[in-house]
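What follows is a short report on a single structure.
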Amino acid sequence: MAKSAGLNSSFFLGGFDISGDVSAIDRIAGPRTTYDVTAINVSATERIYGRGDAEIDFTTFFNDASGQEHLALRGLPRTDVIALACLRSTAGDVCAFTEGKQIDYNWSRPDDGSLTGKVSVRGDGAALEWGTLVIAKTTVEGTGNSASQDNGASSAAGAAAVVMCTAFSGSNYTATLQDSTDDSSFATLIAFTQITAVNKAERKTVSGTINRYTRVNHAGTFSAVDVIVAIRRGDAADIDGY
């Protein structure tokens, strides 16, 4: 691993790739509340951790073309959305994601004539998840398996994973996240829900051991789909496990 700038990043929300309309990712945060449990026999404050949270804020340009940011964001849905920020855009790169509430869609048009929007997503029931891309945004044109990712070692505290479909042509498509101990024999880790339309996103979790190697199996009846899959492995030190 090495130091890196934020060039060639990408951003997805609710199954839309709005990377070309996002001018800045203003904040990616996983704050924790703390509780004061200071006893009378100590001389400094004692704290324990409380609830976790997730915050992803970004700035966007206005674009009302089909499949672009205005269509993705204008609805302010009452149901949860999935936000995925990728710090660079190839398999194995670091990303952050959360499933939560889109709480605003605010616009500013100053006297210089520019037009930018501010959007915030806040977690709903899960803290911010830092993970890696199993597959970066890829156009899949047939059934089969992605290249595998070597994660260095197995882990024992479960995982969360997200899939997004940003383009779809066909009848149905199913992504299945698989893992392996030897990069040869793979088994199902997370089976995502079958996709039958564009602009779909899903987050699922699994408990227990996650083996060293991971890949995505592509199945269904389709001619082309654009998909991205990311995983966050749990850690024994997590406050909230999977």
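With (1) closer than 25 Å to residue 241 by Cβ; (2) touching a Ser or Thr at 6+ places or on another chain (Cβ under 7 Å) as the list, and residue 53 as the residue in question, which single condition is left unmet?
(2)
Determine which member of the set 160, 201, 236 is under 16 Å from the mean Cα position of the chain (by Cα), of a type in the set (Gly, Ala, Ser), under 27 Å from residue 32 (Cα atoms) and open to solvent by 30 Å² or more (accessible area, probe 1.4 Å).
Of 160, 201, 236, the one residue that is under 16 Å from the mean Cα position of the chain (by Cα), of a type in the set (Gly, Ala, Ser), under 27 Å from residue 32 (Cα atoms) and open to solvent by 30 Å² or more (accessible area, probe 1.4 Å) is 201.
Is there a residue being open to solvent by less than 30 Å² (accessible area, probe 1.4 Å), among the charged types (D, E, K, R) and without any contact (Cβ under 8 Å) to a residue 60 or more places away in the chain anywhere in segment 182-190?
No: zero hits.
State yes or no: is residue 28 out of contact with any Gly (no Cβ under 9 Å at 6 or more places or on another chain), β-branched (Val, Ile, Thr), open to solvent by less than 60 Å² (accessible area, probe 1.4 Å) and assigned to a strand (DSSP E or B)?
yes
Which of (1) open to solvent by less than 30 Å² (accessible area, probe 1.4 Å); (2) over 27 Å from residue 19 (Cβ atoms); (3) hydrophobic (A, V, I, L, M, F, W, C) is the odd one out, the single condition residue 153 does not satisfy?
Going through the list (1) open to solvent by less than 30 Å² (accessible area, probe 1.4 Å); (2) over 27 Å from residue 19 (Cβ atoms); (3) hydrophobic (A, V, I, L, M, F, W, C), residue 153 breaks only (1).
Can you pull out the residues in segment 20-34 that are farther than 15 Å from residue 117 by Cβ and of a type in the set (Gly, Ala, Ser)?
Passing the criteria: 29, 30.
Restricting segment 80-122 to residues that are small (Gly, Ala, Ser) and more than 12 Å from the chain's Cα centre (by Cα), which is farthest from residue 14 (Cα to Cα)?
Ranking the candidates gives 113 first.
Could you please tell me which pairs satisfy a Cβ distance under 9 Å, a separation of 6+ or placement on different chains, a first residue in segment 210-225 that is at pLDDT below 95 and in a strand (DSSP E or B), and a second residue that is of a type outside the set (Phe, Trp, Tyr) and buried (at least 20 other Cβ atoms within 10 Å of the Cβ)?
Between residues of segment 210-225 that are at pLDDT below 95 and in a strand (DSSP E or B) and residues that are of a type outside the set (Phe, Trp, Tyr) and buried (at least 20 other Cβ atoms within 10 Å of the Cβ), there is no close pair.
Out of everything in segment 1-25 that is of a type in the set (Ser, Thr, Tyr) and closer than 22 Å to residue 130 by Cβ, what residue ends up being least open to solvent (accessible area, probe 1.4 Å)?
10
For residues in segment 130-150 being more than 18 Å from residue 213 (Cβ to Cβ) and of a type outside the set (Val, Ile, Thr), which is surrounded by the fewest Cβ atoms within 10 Å (Cβ to Cβ)?
Applying the filter and picking the extreme gives 142.
Quick one: in segment 34-68, of everything that is among the small types (Gly, Ala, Ser) and within 24 Å of residue 198 (Cα to Cα), which residue is most open to solvent (accessible area, probe 1.4 Å)?
Filtering first and then ranking leaves 66.
The values are calculated or read from the model by the stated rules, or taken from the named source; none is laboratory data. Since the model is a prediction, treat every value here as computed from it, not as a measurement. No Cβ is skipped: glycine too gets one built from the backbone with ideal geometry, and neighbour counts run over all protein chains shown. Areas reflect the complete protein model, heavy atoms only, side chains present, ligands, DNA and RNA absent. Shrake-Rupley method; radii C 1.70, N 1.55, O 1.52, S 1.80 Å.
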